[in-house]
Amino acid sequence: MLELNNDLLLKVNNIAIQAGSKIMQYYSEHANIIKKQDNSPLTQADLSSNQIIIEELNKIDDSIPLLSEESLVDWQQRKSWKQYWLIDPLDGTKEFIKKNGEFTVNIALIDKNKPLIGIIYAPSKSLLYFAKKNYGAFKIFSSAELTNLEDSQSIKISYNNPEDNIRVISSRSHSNDILESWINKKFNKYTLITSGSSLKFCEIAEGNADIYPRFGHTSEWDIAAGHIILEEAGGVIKDIDGNQILYNNKE
């Protein structure tokens, strides 16, 4: 079991920055796109970032298992895991291909089905968000290796009155009619904001948006890092029935 201290947090932050730097080496190039079985895109940037993250996390403690979008593990093997790393090496591949800058590296440490550490790094913005259970949520601008966490800025959600033009954030690439219908039934007045990747969680966590309803497909590696960042900033994440979201409890 890993000890949850700031040294671990610093190391994982730097792994995300390292992976992000590798992604940016491909950013100016024409991306060779592979279609996965679910028809989602995959690029060499995804694969290179994935390799770096796995190699570097194994250097910290190779006894801690890893589950990545690009390195899947069979349910029969992972269902007994108590603690593991959950990774999306390039969240927002569509945004990466569009070159709009709204893509991230996501790394979370899951313990007993709940995230304890979350890192979201947006390499094109040199913007790093991170959180640790009972420690708080923070952001810092950096494209170079961090030597400490002292210059990071604490972030908190906004407590605006929901009746006063609530700010609803939604996916830039995954809008749908169910979402629009739900928003219109729920709120008399609202402002709709769009953003790519897990940055939507970060926008809420630092008070730039109020709510992110999601009705389409999502995966655990898409939300785990944002989950703990949002919670440590004072927010909540639940399923549509109001239940808490747990990880690695099904096939």
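At a glance:
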{"item": "Ellipticity estimate at 222 nm from DSSP helix runs (n ≥ 4, -39,500 (n - 2.57)) divided over the chain, nearest 500", "result": "-9500 deg cm²/dmol"}
{"item": "Surface per residue (accessible, 1.4 Å probe) for the chain, Å²", "result": "50"}
{"item": "Percent accessible area from carbon and sulfur atoms, the chain, protein chains only, probe 1.4 Å", "result": "46"}
{"item": "Shape category assigned to the chain from the gyration tensor of Cα positions, a/c cut at 1.5", "result": "rounded"}
{"item": "Set of aspartates and glutamates with alpha-carbon distance to LYS79 below 12 Å, sequence-local pairs under 8 removed", "result": "GLU251"}
{"item": "Fully extended contour minus Cα-Cα distance, from GLU29 to GLN51, at 0.36 nm per residue", "result": "6.0 nm"}
{"item": "R0 of 25 Å, Cβ-Cβ distance TRP182-TYR159: FRET efficiency to nearest 0.05", "result": "0.65"}
{"item": "Area of ARG214 that stays accessible when all protein chains are in place (1.4 Å probe, Å², to 10)", "result": "80"}
{"item": "Under 5 Å, built H, 5+ apart or other chain: amide partners of THR194", "result": "SER170"}
{"item": "Added length on full extension, which subtracts the Cα-Cα distance from 0.36 nm per residue, THR218 to SER80", "result": "47.4 nm"}
{"item": "Qualifying aspartates and glutamates (Cα of each under 17 Å from Cα of LYS98; at least 8 residues distant if same chain)", "result": "GLU29, ASP46"}
{"item": "Set of aspartates and glutamates with alpha-carbon distance to LYS185 below 15 Å, sequence-local pairs under 8 removed", "result": "GLU163, ASP177"}
{"item": "Pair ASN249, ASN134: separation of 7 Å Cα→Cβ label points (nm)", "result": "2.1"}
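The values are calculated or read from the model by the stated rules, or taken from the named source; none is laboratory data. Since this is a predicted model, take the numbers as computed values, not measurements. When we count neighbours, we look across all protein chains shown, and the Cβ atoms used for this are built from the backbone with ideal geometry, even at glycine. All accessible areas refer to the heavy atoms of the entire protein, side chains included, with ligands and DNA or RNA removed. Shrake-Rupley method; radii C 1.70, N 1.55, O 1.52, S 1.80 Å.
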